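Colleague: Handing you this structure, nothing more for now.
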């Protein structure tokens, strides 16, 4: 499967804000956005004001990169969101939030979504008691997400859980920190997504 393999810090710099793609490094002074707060490339410091289309494109790129999704799959999610009742932009964000790799990240099992994706692929995550190794698997209300028993004692996962103890899981996940389990109690609402994304710009981009 295709996957972006270049330096991810370039993506944050291109969008002009932290996308938290490098885990704990993003919280330190080593963060590329902190050290070089301008777009990468030869003309990164001299870019002109973006057009309306450019602004919409950047918002779409920002959301896609934040969740670690490539173009074709992102388009598929948008089409899925447009067919659901309600606002398409909010539906899109709700779908992205319910990806299993994002859930593993939100619960603090990993320091980044890329690391969470790897955890899922390697079979460390179970849904309703069954191993699921598909990062794009969409969880639904009533489902229970747990770590595999043999994975709970891994030093890396224990370190991640400890380091992420300060992070509160979103309200749509009922998290049992002692047993490292979570239950999906609702579909994610717009207020549950704290990352600054203007989803209406994404809708306008695909509406052209």
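Bear in mind these aren't lab numbers, they're just calculated from the coordinates by the rules spelled out. These numbers come from a predicted model, not from an experiment. Quick reminder, even Gly has a Cβ in these numbers, built from the backbone with ideal geometry, and neighbours come from all protein chains shown.
Colleague: Kindly state, to the nearest 0.05, the FRET efficiency for residue 181 paired with residue 70, given R0 = 30 Å and r defined as their beta-carbon distance. Don't skip to the end; give the middle numbers.
Modeller: On the way: r = 31 Å, r/R0 = 1.02.
Computed FRET efficiency for residue 181 and residue 70 comes out at 0.45.
Colleague: Could you list 205, 109 so that the one with the fewest beta carbons within 10 Å of its beta carbon is first and the one with the most is last? Could the numbers behind the result be given before it?
Modeller: Values: 205 18, 109 25.
Lowest count first: 205, 109.
Colleague: Further, regarding this structure: When a/c reaches 1.5 or more, the comparison of a/b and b/c decides; with that in mind, is segment 99-186 rounded, prolate or oblate per its Cα gyration tensor?
Modeller: Rounded, since a/c falls under 1.5.
Colleague: When only Cα pairs under 8 Å and 6 or more residues apart are kept, what is the percent relative contact order across segment 99-186? Don't jump to the answer; show the numbers that get you there.
Modeller: Working: 141 pairs, mean separation 26.3, N = 88.
This gives 30 percent for segment 99-186.
Colleague: Another question about this same structure. Ranked by Cβ crowding within 10 angstrom, fewest neighbours first, how are 136, 94, 150 ordered? Each step should come with its number before you reach the end.
Modeller: Numbers: 136 14, 94 21, 150 9.
By the 10 Å Cβ count, ascending, the order reads 150, 136, 94.
Colleague: Between rounded, prolate and oblate, where does segment 52-104 land on the alpha carbon gyration tensor, with a ≥ b ≥ c its root eigenvalues, rounded for a/c under 1.5, else prolate if a/b exceeds b/c? Can you show the working numbers first?
Modeller: Numbers: a/c = 1.85, a/b = 1.15, b/c = 1.61.
It is oblate, given that a/c is not under 1.5 and a/b is not larger than b/c.
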